[in-house]
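Have a look at the structure below, then the notes.
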């Protein structure tokens, strides 16, 4: 049997409700100019028929323009967020029939207040929906409260704060990712009892919720299963990269026997390139994200494993969800975890083939 929306025409609904075709059209599209009595008649017939309008055709016919906004950390070309933006641009192109445009602002994740200020610049563009990489909870909540007051939907990407009620989230389960990394690290260590976590900080704090949650997951696994392992921490300064070699020199002078380390941000290459320069072939490193410099270090043996999370897919899916919610009126799955891809020299080329497709 045909579906109701395939066999029921607007003029059929108008006849059953005893109203004009124009009245039915106005009710279906939420327009004014319909009496409450006529609206109720039409809605009752729609309910009886289980009528589902063709939202795709309606969206095309409306010719409405949609402005989507994106709030991301400041980054350089080739870094993690570049791939997220590539995915978003692909989505804008894929859904160009719906007249969507994308405006982007960037915030310094180490500068208090910069997230909210960048958000205000986006609000001046009167966006219909936003994609947000959250900052610390207090700043993010201040901004999302404003969005909720104006009934503007927003999606969190990369890092989740579910208590702030985003329409959806796309990214890894950060704590589970850190837990998994600890399990893999312990297998890599083969019974040794010391390792180091390399951290990117500024003004005493980590740059992202993701780093914090990954580190928490890592410590949870180690405390539950291997509490005898000593975990050192070396803080590197995000805004002073030139100091990294001196800090690394001092650390390895004090702890020359530590041969295992991990970083929960995308800049594992800082340590990998240091190891190459100093000829340290016996140090084993794990990091995150498929940046080219990380891949280069992996190929040279200065990084053993990379945990990747498909940033281009996150970017594409976030824009697609705004289209589905605002334009096609579809239900959106609230929590969408990305896979935890564990990459080594043996499988990197296979993964890169798919990754290049997402870039282009």
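Every read-out reported here was derived from the displayed coordinates using simple, explicitly stated rules and does not represent laboratory data. It should be emphasised that the depicted structure is a prediction, and the values quoted were computed from it without experimental measurement. Note: ideal-geometry Cβ built from the backbone for every residue, glycine included; neighbour counts use all protein chains shown.
Between residue 76 and residue 249, what length comes free when the chain is fully extended (0.36 nm per residue of separation minus the Cα-Cα distance, one decimal in nm)?
Details: separation 173, 0.36 × 173 = 62.28 nm, distance 2.64 nm.
So the extension gain works out to 59.6 nm.
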Rounded to two decimals, what is Rg over Rh for the stretch 174-308 when you use alpha-carbon atoms and the Kirkwood radius? 0.93
C-alpha long axis of helix 244-254 to longest principal axis of the chain, angle in °: 50 degrees
So the angle from the long Cα axis of helix 268-277 to the longest Cα principal axis of the chain, reported in degrees to the nearest 10, equals 30 degrees
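When 107, 83 are ordered from fewest to most other Cβ atoms inside 10 Å of their Cβ, what list results? The partial results should precede the final answer.
Details: 107 21, 83 24.
With the sparsest Cβ surroundings first, the list reads 107, 83.
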Subtract the Cα-Cα distance of residue 300 and residue 104 from 0.36 nm times their separation in residues, and report this length gain in nm to one decimal. 67.0 nm
Mind ordering 272-285, 230-243 by average Cβ neighbours within 10 Å, highest first? 272-285, 230-243
Taking N as its residue count, the alpha carbon Rg of the chain over 2.2 N^0.38 Å: 1.23
Pairs of Cα atoms farther than 20 Å apart, the stretch 257-360, %: 47 percent
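Nearest 500 deg cm²/dmol is fine: what mean residue ellipticity at 222 nm does the chain get from its DSSP H runs of n ≥ 4 alone, each adding -39,500 (n - 2.57), divided by its residue count?
Working: 15 runs with 171 residues, N = 360.
Result for the chain, helices only: -14500 deg cm²/dmol.
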Helix 209-225 versus the longest principal axis of the chain: what angle, 0 to 90°, nearest 10, using Cα atoms? 60 degrees
Taking the simple approach of a point 7 Å from Cα along Cα-to-Cβ for both residue 331 and residue 257, what is their distance in nm? 5.9 nm
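What FRET efficiency would be calculated for the residue pair residue 123, residue 21, taking the C-beta separation as r and a Förster radius of 45 Å, to the nearest 0.05?
Details: r = 39 Å, r/R0 = 0.87.
Given R0 = 45 Å and the Cβ-Cβ separation, E is 0.70.
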With each label point set 7 Å from Cα along the Cα-Cβ vector, what nm distance links residue 37 and residue 63? 3.5 nm
Can you sort 82, 23 so the residue with the fewest Cβ neighbours within 10 Å comes first? 82, 23
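For 353, 128, what's the fewest-to-most ordering of other Cβ within 10 Å of each Cβ? Intermediate values should be presented prior to the final figure.
Numbers: 353 9, 128 19.
Least to most surrounded, the residues fall as 353, 128.
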The extension gain from residue 190 to residue 93, computed as 0.36 nm times the residue separation minus the Cα-Cα distance, is 30.1 nm
